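Data block below; observations after.
No lab work stands behind these numbers, since they all come straight from the coordinates. This structure is a prediction, so every number in the text was calculated from the model and none was measured. Note that we place each Cβ from the backbone using ideal geometry, even for glycine, and neighbour counts take in every protein chain shown.
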Amino acid sequence: MQPFADREAATLRGALASQIAELFQQVATLYPERWEQLGDGVAGPVVAALRKVPRHLFTPGVPLARAYEDVVVVPNSGASGAGLTSVSQPSMIAWMLAQLDVRPGQSVLKVGSGGYQAALLRELVGPDGSVTTLDIAPDVISRARACLDRAGYGDVRTVCADGEYGAPGHGPFDKIIVAVQDWDIPPAWTGQLAPGGRLVVPLLTRGCPGHGRWTTRTGTWSAAATCQPSSCRCRAPGSTTRGRSRWTSPA
Ligand SMILES: C[S@@+](CC[C@H](N)C(=O)[O-])C[C@H]1O[C@@H](n2cnc3c(N)ncnc32)[C@H](O)[C@@H]1O
């Protein structure tokens, strides 16, 4: 990319990060009790990561300005050419990351991988931490791998696997974040969490996802009740259909 385009990308990225910082500020003002549930000082590092990670390198073929709008981007992938993954809406990612409360040096698992969020996590854990991201779809994970390498995040581990089983052999994880809607929490996720770890998942309750978080320290569940209509639902191995749950079915 030419230096001019680099500068343009940095300007757009800065504007997006500022917009999200403002959103955090609004939540803190309007919903102080919800804000207090988050860890101390979580917003600053998330905004700094948004300011740094070049989202346009995870959305090839999308106009630069579009890559830095606060919208979900659905790239074409798969033999059918249908969009089977997405690069989630930045403000939604930011809210989930704030709930995850990632600290430097931690080990994080990301289930469902457009690559972008894994890169943000890499920034949050810093040089002493580690990030593993997995996806059930081989084309999605190889696309994420290529984008991560291009953006300079070669040390993020990518795994092609069914997320139901987590990433055995790579845990335990201090944090697990799931970017695919689910009806239930598979035992592998809680089993692969380190003591005091935290899991954030858009759990479907009555068909509507909220970004609940669950922590092993207290064994309690708290829901942030944010609708996420653009997110994919979990898929079974070999399935190319969206909106089908691998785990339990709703009544
Ligand atoms: C909303 S997209 C995730 C991308 C994410 N928005 C991001 O920015 O990184 C959901 C992803 O979950 C993946 N997925 C669906 N079911 C899965 C499963 N059982 N195990 C692992 N990944 C799964 C899909 O292939 C898809 O790429």
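Counting Lys and Arg as +1 and Asp and Glu as -1, each charge on the Cβ, what is the dipole of the stretch 3-222 about the Cα centre in debye, to the nearest 20?
200
When Arg13, Arg122, Arg157 are ordered from fewest to most other Cβ atoms inside 10 Å of their Cβ, what list results?
Arg157, Arg13, Arg122
Among Tyr116, Tyr153, Tyr165, rank each residue by its count of other Cβ atoms within 10 Å, from fewest to most, as a rough exposure measure.
Final ranking by Cβ density, sparse to dense: Tyr165, Tyr153, Tyr116.
Express in whole angstrom the spacing between the alpha-carbon centres of the stretch 27-44 and the stretch 136-191.
Going from one Cα centre to the other spans 27 Å.
Quick one: dipole size for the stretch 87-210, taken about the Cα centre, charges +1 on Lys/Arg Cβ and -1 on Asp/Glu Cβ, in debye to the nearest 20.
180
Among Arg103, Arg198, Arg66, what is the fewest-to-most ranking by other Cβ atoms within 10 Å?
Ascending number of Cβ neighbours within 10 Å: Arg66, Arg103, Arg198.
Would you work out the relative contact order for the stretch 44-136, in percent, from Cα pairs under 8 angstrom that are 6 or more residues apart?
Across the stretch 44-136, relative contact order equals 26 percent.
What is the spin-label model distance, in nm, from Arg66 to Arg7 if the labels are put 7 Å beyond Cα along the C-beta direction?
Inter-label distance under the simple model: 2.6 nm.
Give me, ordered by chain and number, the residues 5 or more places off Ala194 or on other chains with an amide H under 5 Å from its own placed amide H.
Placed amide hydrogens put Phe173, Asp174 under 5 Å from Ala194.
Tell me which of Ile176, Leu148, Gly163 sits at the most positive position along the dipole axis of the stretch 125-199, charges placed on C-beta atoms (Lys, Arg +1; Asp, Glu -1).
The one lying farthest along the dipole's positive direction is Leu148.
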